[in-house]
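Report on one structure; see the data block that follows.
Just so it is clear, none of the values below were taken in a lab; they were calculated from the coordinates. Since the structure is predicted, the reported quantities are computational estimates derived from the model, not experimental observations. So basically every Cβ, Gly included, is an ideal-geometry build from the backbone, and we count neighbours across all protein chains shown.
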Amino acid sequence: MDWLYILMPIAGVKIFWPGLIILGIGVGVIGGFFGMGGAWMVTPGLNILGFPMAFAIGTDIAHMAGKSLISTMRHGKFGNVDYKLGFIMLFGTIAGFEIGAQMVMWLERIGNVEIVVRWIYLFLLTFIAWLVFHDVSKRKAKDRAAKAAGREVDALATGVEWHKTLHKIKIPPMVHLKEAGVYCSAWLPIFVSFFTGWLAGILGIGGGLIRMPSLIYLVGCPTHVAVGTDLFEVMISGLYGAGSYTAKGRVELVAAIIMLVGAAVGAQVGAVATKYIKGYGIRVAFGLAVIGCATSIVLKMITQWYPATKGILDPVSTVLILALVFGMALYITLKMVAGAKREIAAKKARA
Amino acid sequence: MAKIRNIFLMVTCFCLTLPAISLASGGGGAPIVIVADTRKLTGLLAWWANLYNESHLYFTILTIILIPLIGVIFGTLADFVMHFVGIDLKSRELAEH
């Protein structure tokens, strides 16, 4: 069975290459569907396959850049990418990210970096999960109220409407974001991207997990456009990160390419699945993914407070993340296949 | 409205003061040099590992070119397969939040 293993030229470790393809497919599906890079899922996966941590992060970012490019191309054709919004946000994201990364260095010198980062991350994920489900329940309440009054609720209606209040701030220059259907001050997306970039820099993540809900709840993008535009951002920041990590010698391109084989298929499946699933369906699944991520962090924190539990909880955390990845990827793939079958059957019926 | 404007102003001021704090902190970890072991490698993999050892700059440039290129190739291939299956890849009918 030696042919199932490939020697990584830079890291110098032998890796089970079908594992890389399977991991690529899983995170490709989720990334294409939710509009995020998924570093929190890939890094432990690569680590399990035998990658040293230093290479796991860099290799993940390199594959993320290629995968997001594929998803962005697909979402772009569906009209889900607001390029104008993406370019505006790019400035804020990069500036925020660099400042966040510098702050981590500062915290490292004080010696508190890990505790601070874990707590911020946990607080943030709890808040996002609450926000998503609060939004869903408010929207459902609107649905019920409309039905009781004998009306149909507007398809564009949302539960949480913070963006409407933020759109009232008319600080020039104002911008019209066509694909997103938003007219607001240019400072709003700049500020949001700066803030999310700053958080991503502090947390050492790509930022999709924070940016996607921010695009929905603060900028006011429809879910599909938030997913597509976020992927555009992930693509640019992924390329920047890949360059940065490669220059430091921390990218195993052979592994990234093998993962891309799986991710190319997965990303297409995830992106096409958004065609068949309503915006609020995507939000609910996203909320569940956030809860899974938060749970794995809580488990990691418990092992720090009680080191005796490390032997049990570390593998539990990794298994939880991987089970979540494959459970969600399977659910999205099944939805995509069912939707595609309906579409093809409808086409045949028309012909 | 005034409350939100005040919060917006406060957070903006906070973020604007961050660069000074963060730049003052500066610093970073000690550089670690990793060298690829090319003894067991042959052909393309050996060439790739040698390139890594000789110049991180060329290695980086090539990586940055190869990743999007490979992404586009695989993406186009997957596109072709999906189109062949009969899925409409150019439009999305669902229009809602």
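Below 8 Å, C-alpha to C-alpha, sequence gap of six or more: please give me the relative contact order for chain A in percent.
Normalised by residue count, the contact order of chain A is 34 percent.
Once amide H atoms are placed 1.01 Å from N in the peptide plane, what residues at a sequence separation of 5 or more from A:Met174, or on another chain, have their amide H within under 5 Å of its amide H?
Correct list: A:Ala186.
Which helices, counted as full DSSP H runs in chain A, have an axial Cα extent of no less than 24 Å and a Kyte-Doolittle average of -0.5 or above?
Helices passing the filter in chain A: A:17-34, A:53-77, A:83-110, A:113-148, A:223-247, A:253-273, A:279-305, A:310-350.
How do A:His134, A:His224, A:His63 line up, fewest other C-beta atoms within 10 Å first?
Going from least to most buried by this count: A:His134, A:His224, A:His63.
Give me A:Lys67, A:Lys300 sorted ascending by neighbouring Cβ count inside 10 Å, so fewest comes first.
Least to most surrounded, the residues fall as A:Lys300, A:Lys67.
Once the other residues with Cβ under 12 Å from the Cβ of A:Ile70 are scored (Lys, Arg +1; Asp, Glu -1), what is the net sum?
Neighbour charge sum, excluding A:Ile70 itself: +2.
Mind grabbing the base-10 log of I(q)/I(0) for the protein assembly as shown at q = 0.07, 0.08 Å⁻¹? Debye formula, identical points on the C-alpha positions, no solvent, two decimal places.
-0.36, -0.47
With Cβ to Cβ distances under 12 Å as the rule, what net charge do the other residues near A:Leu239 carry (K, R +1; D, E -1)?
Here the count lands on 0.
Provide B:Glu54, A:Glu114, A:Glu233 in ascending order of the number of other Cβ atoms located within 10 Å of each residue's Cβ, fewest first.
Going from sparsest to densest Cβ surroundings: B:Glu54, A:Glu114, A:Glu233.
For the range A:40-69 and the range A:197-227, what is the separation of their C-alpha centers, rounded to whole Å?
20 Å
How large is Rg over Rh for the range A:80-181, taking Rg from the Cα atoms and Rh as the Kirkwood inverse mean of 1/r across Cα pairs?
1.11
For the range B:38-89, count all C-alpha to C-alpha pairs, find those more than 18 Å apart, and express that count as a whole percent of the total.
When every Cα pair of the range B:38-89 is considered, 54 percent fall beyond 18 Å.
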